[in-house]
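Working notes, beginning with the structure itself.
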């Protein structure tokens, strides 16, 4: 599942590269004002308009659309390497995990600390990892990466509510809260080739902190549904 908004210059290339590793290629288009949807259709993907409330709403809407039991989520800007898809899916295929998050701290990133905003993002990611690890007794190294593999049946059971980028940490926390297995595998994050990220880290930071607090303070559900 490729999440896209105004990525007309990169979407077709990403779809072609993903097609080698996926049974189906679905694109959730965030009501792009450019030719993203048209380029995606021309490249052979199944394109769906998301609810228009943010990345979280797109992620929540994608799971009922997928046909396979393993759904790989990735961005359309070329920052994720499609060749990593089999490595993300393998722990779920082998029955060892229900959610696999690509770790930029293990695999490296071209955008971890190049600017002040990226440095803040890195520090925030590490801080949230520590909080989640302490709460659930796990040892995750990256919980905010959008490049992940998800067991579809699990995702459909989780009480996911976030509409924004906070869906990344909510998905991890709710999976752990309900007794599912979450692991990391090393993946590399590349700098986007075209355009720039629309995330304003200064505006999003308080939202991430509040989401973290609200989800971590919920009572654990010890039995997997």
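Values quoted throughout were computed directly from the atomic coordinates according to the rules given, and no laboratory measurement underlies them. Here the structure is a predicted model, which means the values were calculated and not measured. Because the Cβ atoms are built from the backbone with ideal geometry, glycine has one as well, and the counts that use them run over all protein chains shown.
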**OP:** Sort 47-57, 70-80 for me by packing, meaning the mean count of neighbouring Cβ atoms within 10 Å per residue, highest on top.
**Re:** 70-80, 47-57
Subject >> Taking the chain and dividing mean pair separation by its residue count, relative contact order in percent (alpha carbons under 8 Å, at least six apart) >> reply: 24
Original post:
Comparing 160, 144, 88, which has the greatest mean-square fluctuation in the GNM of the chain with Cα pairs linked when under 10 Å apart?
Top reply: 160
Original post:
From the list [x] 109; [y] 131; [z] 163, can you say which value of volume of the Cα convex hull per residue in Å³ was derived from the structure given?
Top reply: [x]
**OP:** Choose one answer from 185, 209, 101: the residue with the largest mean-square fluctuation in a GNM of the chain with alpha-carbon springs under 10 Å.
**Re:** 209
**OP:** Let me have the 222 nm mean residue ellipticity of the chain computed from DSSP H runs of 4+ only, each contributing -39500 (n - 2.57), with the sum over all residues rounded to the nearest 500.
**Re:** -12000 deg cm²/dmol
Original post:
Antiparallel as a % of all DSSP beta bridges within the stretch 2-216, to the nearest 5?
Top reply: 35
Original post:
Which of these, 42, 58, 22, has the largest mean-square fluctuation under a Gaussian network model of the chain (Cα springs below 10 Å)?
Top reply: 42
